[in-house]
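*Asks:* One structure follows; several queries about it will come next.
The values are calculated or read from the model by the stated rules, or taken from the named source; none is laboratory data. Fair warning: this is a prediction, and the values are worked out from it, not measured in the lab. Cβ placement follows ideal geometry from the backbone for every residue including glycine, while neighbour counts extend to all protein chains displayed.
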Amino acid sequence: MASLRDLGLSEYESRAYRSLLETGPTTAKELSRASDVPMGRIYDVLNSLETHSLVRSQTASRPKKYVAVEPDTALDRLLADKKRELDEQAEQYEEIVDELGEQLEPTDPVDEPFWTAAIGPTEAGDLLIERLTTADDHIAMVAGAPSQQLNLEEMGEHILDELERALDRGVDVSILMRPELVDSLPRSVGERYRSYLQDDESFNVRTSQNVTGTFELIDHVEVCIEVPHPLDAGGTFAVIDLKDSDFAGDVAGMFQPRWEDAAPLKL
């Protein structure tokens, strides 16, 4: 059940404010009795509520009286305070991430084959996007069959977002697909391509019938291979990520002549 404590008030502050709504204008002594807030704490509690602009006081009266601000106004003020607090925390976390990004540097990679796998379209898509973030030089994406990762509206947008960030880092992006797959792309992906991606010299899309399999070649040292679902021709069962410079070199050697023979995409 929601309470005022969820918006940052203490137990005593919550009790005092609720009691003021019931009593109307009242003194600190009377409020202490009505709210069960100890008399030794009531003035600190009221000062805190005034600081949050949740109560108003009548200083001309003797003894001093207090009244609660209307609930709608009080809740709006508490919410605004909470949002400011969260914004400040978000900025602090961003500064921490920036600082840690400078501190945490990977060691020189060991030239030893390593592979991992993600099963299911969501996990597979997450793994693919994670690996795309590591690209420093070149990304080659090959789609030889309908792919959930390329067909799903949301995943297509996520992949494009990451490819755009790669372009900003100076990474060249090459996408090779079968011509019939072009019509299966989400409309939003096609619009983003026409709007600005096709004008980027580092982003190139070509089509060819001589394409089989679906995979991503990253920096000529890593390959993400999509495994189709055995019971769903349009589904993804898993993605295998293999870091092996020899295997990646073989894949690059097969990719390049197909790329050179392919036709540039025109939408």
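*Asks:* Can you report the number of residues in the range 1-40 which are within 35 Å of the chain's Cα centre (by Cα) and of a type in the set (Asp, Glu)?
*Replies:* Here the count works out to 2.
*Asks:* Looking at ASP81, ASP72, ASP87, can you tell me which residue is part of a helix (DSSP H, G or I), surrounded by 11 or more Cβ atoms within 10 Å (Cβ to Cβ) and at negative phi?
*Replies:* Answer to the selection: ASP81.
*Asks:* Looking at VAL251, is it assigned to a strand (DSSP E or B) and surrounded by 12 or more Cβ atoms within 10 Å (Cβ to Cβ)?
*Replies:* Criteria not met by VAL251.
*Asks:* Residues of the range 210-245 being free of Cβ contacts under 8 Å to residues at least 40 places away in the same chain and not aliphatic (A, V, I, L, M), which ones?
*Replies:* Scanning the range 210-245 gives HIS229, PRO230, ASP232.
Let's see how each residue does on (1) of a type in the set (Phe, Trp, Tyr); (2) modelled with pLDDT under 90; (3) closer than 20 Å to ASP250 by Cα:
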{"site": "ASP136", "(1), (2), (3)": "no, no, yes"}
{"site": "ALA140", "(1), (2), (3)": "no, no, yes"}
{"site": "ILE159", "(1), (2), (3)": "no, yes, no"}
{"site": "ASN204", "(1), (2), (3)": "no, no, no"}
{"site": "GLN209", "(1), (2), (3)": "no, yes, no"}
{"site": "GLU216", "(1), (2), (3)": "no, no, yes"}
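*Asks:* If you don't mind, another one. Tally up the residues in the range 40-77 that are within 16 Å of GLU22 (Cα to Cα) and of a type in the set (D, E, K, R), please.
*Replies:* Within the range 40-77, residues that are within 16 Å of GLU22 (Cα to Cα) and of a type in the set (D, E, K, R) number 4.
*Asks:* Could you tell me whether SER53 is farther than 30 Å from THR236 by Cβ, modelled with pLDDT under 95 and part of a loop (DSSP other than H, G, I, E, B)?
*Replies:* yes
*Asks:* So for the range 12-19 (the condition being loosely packed, with under 13 Cβ neighbours inside 10 Å, within 19 Å of ASP81 (Cα to Cα) and without any contact (Cβ under 8 Å) to a residue 60 or more places away in the chain), does at least one residue qualify?
*Replies:* Checked the range 12-19: no residue is loosely packed, with under 13 Cβ neighbours inside 10 Å, within 19 Å of ASP81 (Cα to Cα) and without any contact (Cβ under 8 Å) to a residue 60 or more places away in the chain.
*Asks:* Here's a follow-up. Out of the range 61-94, which residues are more than 32 Å from the chain's Cα centre (by Cα) and charged (D, E, K, R)?
*Replies:* Across the range 61-94, the qualifying residues are ARG62, LYS64, LYS65, GLU70, ASP72.
*Asks:* List, please: which pairs have Cβ atoms under 7 Å, are six or more places apart or on different chains, and start with a residue in the range 194-209 that is under 12 Å from ARG178 (Cβ atoms) and end with one that is modelled with pLDDT under 90 and of a type in the set (Val, Ile, Thr)?
*Replies:* THR207/VAL182
*Asks:* Taking the range 223-236 as the search range and keeping residues that are surrounded by 17 or more Cβ atoms within 10 Å (Cβ to Cβ) and touching a helix residue (DSSP H, G or I) at 6+ places or on another chain (Cβ under 6 Å), which one is modelled with the lowest pLDDT?
*Replies:* For the range 223-236, the residue satisfying everything is THR236.
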